[in-house]
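This report concerns only the one structure given below.
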Amino acid sequence: MSTLVTGIGELVTNDPALGPGPLGIVTGAALVVDGGRVVWVGPAAAAPAADDRVDLDGRAVLPGFVDSHTHLVFAGDRSAEFEARMSGVPYDGGGITSTVAATRAADDDLLRSRLRAVVAEMRAQGTTTVEVKSGYGLSVAEEARALRIAREVTGETTFLGAHVVPPEFAGRVEEYVALVTGPMLAACAPFARWVDVFCEPASPHAFDGEASRAVLEAGRAAGLGLRVHGNQLGPGPGVRLAVELGAASVDHCTYLADADVDALAAGATVATLLPGVEFSTRSPYPDARRLLDAGVTVALATDCNPGTCFSSSMPLCVALAVREMRMTPAEAVWAATAGGAAALHREDVGQLRVGARADLSVLDAPSYRHLAYRPGVPLVRSLPPGDRSSASGVIGLTLER
Ligand code: NIG
Ligand code: FE
């Protein structure tokens, strides 16, 4: 059954062939959706007939946000750590082990219901594709469990056994890396698309360049794509390692040397910026302008996790990117949609052109600019029940229910 979505005041397609700018804007637009895919896009006046019709009354529509970096399988609470940080205690990754203890103690149903609750928050804020990492289990069985549960909500799952060295391996980093690259990877690879590592010599808990390389190379040999947490807490080898190994994305990028920017500009690795982390840790924001001006592909993601940023809001990331990192509203919206898709090597999401998934974010606003202009306002509109039933099964979502 086809549905005509019309009355779109401003449509962000992210396809420059369809309209001006990198956002490929079409004003007074319509699109036709069939079988969860976009089958027609253009001016409303030229739209073909369809079986069903939804009129958006001048609202803006953009591709659903692609949140390419989250850690959502966890239990416990770290709000006291956040409170301490707000009065000056710096973040060094040490709090991760408290989440590991709480997560190991939780049963599957608790982890599943907390995961689903955050995913529901994301959907309500316009996110239609989400990547989810493991990394709070840190044993063979616990990492595999986290990925199995993450797989219930998304195909974009990432094995992050190399998040920190767990307490039972204190002082035995090499043995832990052998576990991660051996039995843990073997148990986790069937449930993962990606492998990631917290490459951060500035943290006493994370991994140096050599250990990170071992993790990434083992992941690649097991058929996984590569992602890296790099240069979050200080300068380090993460960014250049990610580019050298052809990682899809290197995330954080807060402390960059000229050589890091040059490597990113010459390579194919996306730089994923996570401004909610700097907001929630009182850290300096990454220099997005330096990356954009060098021609680097930039994505925005939430990094939603209990330690450095417990926000599920891509609109917040867009607003922070504009206000604090001097990205234009158009650059920020592109980075939160097409940029996230590039960071996940996805061509079916992050844009609204014929053949793409019909993952639409409808704003209760006339323009995408309102995402930055009206920070904190819940602009993503849920279709009213009548519209929702007529559109259900038509406006597709990568997230499963
Ligand atoms: O991306 N930096 C490493 N990992 C997460 C934080 C995890 C935590 O503190 O629980 C991040 O910021
Ligand atoms: Fe992270």
Practice prompt. Within 10 Å of each residue's Cβ, count the other Cβ atoms and sort 40, 334 from fewest upward.
Written response: 40, 334
Worksheet item: What's the center-to-center distance, using Cα atoms, between the range 290-365 and the range 94-142 in Å?
Response: 22 Å
Worksheet item: Under a Cβ-Cβ cut-off of 14 Å, what is the net charge of the residues other than residue 163 that fall near it, where Lys and Arg count +1 and Asp and Glu count -1?
Response: -4
Worksheet entry | Charge sum, other residues only, whose C-beta stays under 12 Å from residue 210's C-beta, Lys/Arg counted +1 and Asp/Glu -1 | -2
Discussion item. Suppose every Lys and Arg Cβ carries +1 and every Asp and Glu Cβ carries -1, with no other charges. What dipole size does the chain come out with about its Cα centre, to the nearest 20 debye?
Written reply: 580 debye
Fill in: Contact order normalised by residue count of the chain, Cα under 8 Å, 6+ apart, percent
21 percent
Worksheet entry | Positive dipole terminus of the chain, leading residue within 269, 283, 125 (C-beta point charges) | 125
Item to complete: Pop out the ³J(HN,Hα) list for the range 232-247 in order, Karplus 6.51 cos²θ - 1.76 cosθ + 1.60 with θ = phi - 60°, rounded to Hz; leave Gly and Pro as x.
Response: 7, 9, x, x, x, x, x, 5, 5, 4, 4, 5, 4, 8, x, 4
Worksheet item: For the chain, modelled as a Gaussian network with Cα springs under 10 Å, which listed residue fluctuates most, 52, 109, 67?
Response: 109
Worksheet, complete the sentence: Given backbone amide H placed at 1.01 Å from N, residues whose amide H is under 5 Å from that of residue 30, ignoring those fewer than 5 places away on the same chain, are 42, 44
Practice prompt. For the range 65-343, count the residues as N, evaluate 2.2 N^0.38 Å, and divide the Cα radius of gyration by that value, please.
Written response: 0.90
Fill in: Whole-Hz ³J(HN,Hα) from phi, Karplus 6.51 cos²θ - 1.76 cosθ + 1.60, for the range 293-300, glycine and proline x
5, 7, x, 6, 6, 10, 10, 10
Worksheet item: With axes computed from alpha carbons, what is the tilt in degrees of helix 108-124 against the longest principal axis of the chain, rounded to the nearest 10 within 0 to 90?
Response: 40 degrees
Worksheet item: Considering only DSSP beta bridges whose two residues both sit in the chain, what percent are antiparallel, to the nearest 5?
Response: 40 percent
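No value in this document is a laboratory result; all are computed from the given coordinates. This is a predicted model, so every value here is computed, not measured. As a convention, Cβ positions derive from the backbone with ideal geometry for all residues, glycine included, and neighbour counts pool all protein chains shown.
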